[in-house]
Amino acid sequence: MSGAVDPRARLMLQLRKAGITDPTLLSVMERIPRDLFVDAAFAARAWDDAPLPIAEAQTISQPFVVGAMTAALELDGRQKVLEIGTGSGYQTAILAQLARRVYTVERYRSLLRLAQGRFEALGITNVVATCSDGGAGWPQQAPFERIIMTCAAPERPDALLTQLAPGGVLVAPVGSGPVQELLRYRLRADGVFEEEHLMDVRFVPLLPGTSS
Ligand code: SAH
């Protein structure tokens, strides 16, 4: 009796075809159980290459976008990473496998609690999470070797760029419309930021303040 393709294997194939080719990243994405990060109502679609709704009218990102953004960060296990927009914690859990430590900021306390429960269930111990307005970054913990925003900055995220270490990389959706540009900034040794357009993406906007 064959026919039913394992949804996890199918997703890995789709990611590879779409250009996510780093074997280390692919094996991390295969291992982190995305079904743990989606609401029970969407469990059957957990391994689809699609964004899905989570609580507080937010979304868990599309696996391809998570893969592309993670690849763009060029992680080798040694970096201290700041993530703005914990959401479900799915992207965080992947970063935690590929970085030394991940500092993650979420404005909804409710989402953060759920995400922290998932990190605990998975035995992830190198994530530090806080509820605050990530637009300001996490100045007490700066500098960071990598910064990733999983919500859209209306314009160049200057407050975050100042928290980047020399040689560091920041990946963020930038724009105030429904479609944003995914940009990669690199802080050169001479203090100049190089800016690269990676692709077009659709993220929920960075909102001010915090919420319970
Ligand atoms: N990477 C997450 C994506 C979540 S969606 C995942 O895959 O699940 C983006 C998240 O950014 C939302 O949870 C939203 O609440 C959060 N966010 C928006 N503005 C924010 C801000 N100013 N500070 C921190 N988090 C913010």
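The values are calculated or read from the model by the stated rules, or taken from the named source; none is laboratory data. Please read these numbers as outputs of a predicted model, since none were measured by experiment. All Cβ positions, even for glycine, are placed from backbone atoms using ideal geometry, and neighbour counts span all protein chains on display. Note: areas computed on protein heavy atoms with side chains; ligands, DNA, RNA excluded. Shrake-Rupley method; radii C 1.70, N 1.55, O 1.52, S 1.80 Å.
What tally of residues in the range 152-202 results from selecting those that are among the hydroxyl-bearing types (Ser, Thr, Tyr) and not in a loop (DSSP other than H, G, I, E, B)?
Total satisfying the criteria: 1.
Scan the range 48-63 and report the pairs whose first residue is closer than 15 Å to ALA115 by Cα and whose second residue is open to solvent by 50 Å² or more (accessible area, probe 1.4 Å) and among the acidic types (Asp, Glu), with Cβ atoms within less than 8 Å and a gap of 6+ or a chain change.
Listed by first residue and then by second, the contacts come to PRO53/ASP39; ILE54/ASP39; ALA55/ASP39.
How do the pairs read when you match residues in the range 30-44 that are free of Cβ contacts under 8 Å to residues at least 60 places away in the same chain with residues anywhere that are of a type in the set (Lys, Arg), using Cβ under 7 Å and keeping only pairs 6 or more apart or on different chains?
Taking only residues 6 or more apart or on different chains, the pairs are GLU30/ARG8.
Pull up the range 100-140, narrow it to residues that are more than 13 Å from the ligand (Cβ to nearest atom) and in a loop (DSSP other than H, G, I, E, B), then point me to the one that is surrounded by the fewest Cβ atoms within 10 Å (Cβ to Cβ).
GLY123
Do we have any residue at all in the range 173-189 that's among the β-branched types (Val, Ile, Thr) and under 20 Å from THR86 (Cα atoms)?
Taking the range 173-189 and keeping what is among the β-branched types (Val, Ile, Thr), we get 174, 179.
Filter again for under 20 Å from THR86 (Cα atoms), leaving 174.
Within the range 173-189 (the criterion being among the β-branched types (Val, Ile, Thr) and under 20 Å from THR86 (Cα atoms)), the answer is yes, since at least one residue qualifies.
Would you be able to tell me the number of residues in the range 69-99 that are within 13 Å of the ligand (Cβ to nearest atom) and either among the small types (Gly, Ala, Ser) or assigned to a strand (DSSP E or B) (or both)?
Total meeting the criteria: 10.
Given the criteria open to solvent by less than 50 Å² (accessible area, probe 1.4 Å), more than 9 Å from the ligand (Cβ to nearest atom), in contact (Cβ under 8 Å) with a residue 12 or more places away in the chain and out of contact with any Cys (no Cβ under 9 Å at 6 or more places or on another chain), does LEU26 qualify? Even if it seems obvious, please write down each step before you answer.
Details: open to solvent by less than 50 Å² (accessible area, probe 1.4 Å): yes; more than 9 Å from the ligand (Cβ to nearest atom): yes; in contact (Cβ under 8 Å) with a residue 12 or more places away in the chain: yes; out of contact with any Cys (no Cβ under 9 Å at 6 or more places or on another chain): yes.
In short, yes.
Looking at the range 53-65, which of its residues are more than 6 Å from the ligand (Cβ to nearest atom), within 19 Å of GLU181 (Cα to Cα) and touching a Phe, Trp or Tyr at 6+ places or on another chain (Cβ under 9 Å)?
PRO63, VAL65
State which residue pairs qualify: first residue among the small types (Gly, Ala, Ser) and inside the range 108-133, second residue open to solvent by 60 Å² or more (accessible area, probe 1.4 Å) in any location, beta carbons under 8 Å apart, and separation of 6 or more residues or different chains.
So the pair list comes out as SER110/GLU56; SER110/SER212; ALA121/LEU36; ALA129/GLN116; SER132/THR210.
When residues of the range 29-45 are filtered for being closer than 22 Å to LEU111 by Cβ, surrounded by fewer than 16 Cβ atoms within 10 Å (Cβ to Cβ) and touching a helix residue (DSSP H, G or I) at 6+ places or on another chain (Cβ under 7 Å), how many remain?
Qualifying residue count for the region: 2.
Looking at the range 141-151 only, could you name the residues that are open to solvent by 10 Å² or more (accessible area, probe 1.4 Å) and part of a strand (DSSP E or B)? Steps first, answer last, please.
Initially, the range 141-151 is screened for residues open to solvent by 10 Å² or more (accessible area, probe 1.4 Å), giving 141-143, 145-146, 150-151.
Once the filter is applied, which keeps residues that are open to solvent by 10 Å² or more (accessible area, probe 1.4 Å) and part of a strand (DSSP E or B), the range 141-151 yields GLU145, ARG146.
Need pairs with beta-carbon distance below 8 Å; first residue on the phi > 0 side of the Ramachandran plot and within the range 172-197, second in a loop (DSSP other than H, G, I, E, B); sequence gap 6+ or separate chains.
Note: pairs meeting the criteria are GLY175/PRO154.
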